[in-house]
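Working notes, beginning with the structure itself.
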Amino acid sequence: MTSPADEELITVVVGQIPIGLQTAAQQHTDEITRELVLVAEQVHQRGDPGGLPQRFVELVSALSARYSMFTAEQESQLARAVQEGRESVDLVYSVPASAAVAAAQLGSIFDEIDEYCREGRLLLTLESPAPVVAYRRWFLDQFVEQSQGRPPIAWPDHRDRVAPA
């Protein structure tokens, strides 16, 4: 497998990230992650590997190990924007082209997690609120779409396109 450092880098512009919504999405992700880590350990101890909790923990661990070096600066910029009380922030990522596939995988597993939450299976955490789902899909789709040569779409433009009439 190719190291991310050896891959061609692409530029992904994620414009006008809404700080409040991003914070809510991060909090929900943190809650889900904590719960899934605990459930994955319990499931693993019972000898039942491969279920959703284990797949999620493995995916998040792999993505963190593979891509965290490419996102540290943006995480710092986001933290500064939160600390400064800004309403939005623009972030520019320079990531390996494989980050697009990773973003799609992450989006799919979060959709699966939300389905588990709706059904009350395994998890106590509630499904992601609709605004968080919309934000998460937009954010991850920016990596997929821009890796295919499509132009960036800032959050307000995306929100206006998908808002019910």
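The values are calculated or read from the model by the stated rules, or taken from the named source; none is laboratory data. Source: prediction; values computed, not measured. No Cβ is skipped: glycine too gets one built from the backbone with ideal geometry, and neighbour counts run over all protein chains shown. Protein only, heavy atoms only, side chains kept; ligands, DNA and RNA dropped before computing areas. Shrake-Rupley method; radii C 1.70, N 1.55, O 1.52, S 1.80 Å.
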(1) closer than 28 Å to E35 by Cβ; (2) not in a helix (DSSP H, G or I) all hold for G149 apart from (1)
Report task. For region 87-104, indicate whether the set of residues that are in contact with a helix residue (DSSP H, G or I) (Cβ under 6 Å, 6 or more places away or on another chain), surrounded by 17 or more Cβ atoms within 10 Å (Cβ to Cβ) and assigned to a loop (DSSP other than H, G, I, E, B) is non-empty. Result -> no
Restricted to region 1-24 and to residues being at pLDDT below 95 and hydroxyl-bearing (S, T, Y), the residue farthest from D90 (Cα to Cα) is T2
TODO: State whether one or more residues within region 41-53 are within 30 Å of P156 (Cβ to Cβ), without any contact (Cβ under 8 Å) to a residue 60 or more places away in the chain, of a type in the set (V, I, T) and part of a helix (DSSP H, G or I).
DONE: no
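Quick check: is even one residue across region 125-141 among the charged types (D, E, K, R) and touching a strand residue (DSSP E or B) at 6+ places or on another chain (Cβ under 9 Å)? Break it down stepwise before answering.
Start the filter on region 125-141 by keeping residues that are among the charged types (D, E, K, R), which leaves 127, 136-137, 141.
Now narrow it down to the ones that are touching a strand residue (DSSP E or B) at 6+ places or on another chain (Cβ under 9 Å): none.
No: zero hits.
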I'd like to know if region 20-27 contains one or more residues that are outside any strand (DSSP E or B) and without any contact (Cβ under 8 Å) to a residue 12 or more places away in the chain. yes
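For every residue, the table says whether it meets (1) of a type in the set (K, R); (2) farther than 26 Å from E87 by Cα; (3) crowded, with 20+ Cβ neighbours inside 10 Å.
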{"site": "G120", "(1), (2), (3)": "no, yes, no"}
{"site": "S128", "(1), (2), (3)": "no, no, yes"}
{"site": "R136", "(1), (2), (3)": "yes, no, yes"}
{"site": "D141", "(1), (2), (3)": "no, no, no"}
{"site": "P152", "(1), (2), (3)": "no, no, no"}
The one condition Q83 fails out of (1) surrounded by 13 or more Cβ atoms within 10 Å (Cβ to Cβ); (2) more than 18 Å from G51 (Cβ to Cβ); (3) out of contact with any Lys or Arg (no Cβ under 8 Å at 6 or more places or on another chain) is (1)
For region 58-76, pairs from a residue that is within 19 Å of D90 (Cα to Cα) to a residue that is of a type outside the set (A, V, I, L, M) and not in a helix (DSSP H, G or I), with Cβ under 8 Å and 6 or more apart or across chains, are F70/Y93; F70/S94; F70/P96; T71/Y93; Q74/Y93
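Out of L63, L36, L78, L59, I need the residue that is touching a Phe, Trp or Tyr at 6+ places or on another chain (Cβ under 7 Å), closer than 22 Å to V132 by Cα, assigned to a helix (DSSP H, G or I) and open to solvent by less than 70 Å² (accessible area, probe 1.4 Å). Which one? Give the derivation first.
Working: L63 fails: touching a Phe, Trp or Tyr at 6+ places or on another chain (Cβ under 7 Å); L78 fails: touching a Phe, Trp or Tyr at 6+ places or on another chain (Cβ under 7 Å); L59 fails: touching a Phe, Trp or Tyr at 6+ places or on another chain (Cβ under 7 Å).
That would be L36, the only listed residue that is touching a Phe, Trp or Tyr at 6+ places or on another chain (Cβ under 7 Å), closer than 22 Å to V132 by Cα, assigned to a helix (DSSP H, G or I) and open to solvent by less than 70 Å² (accessible area, probe 1.4 Å).
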With criteria (1) at positive phi; (2) of a type outside the set (F, W, Y); (3) touching a residue at least 12 places away in the same chain (Cβ under 8 Å), E87 comes up short on (1)
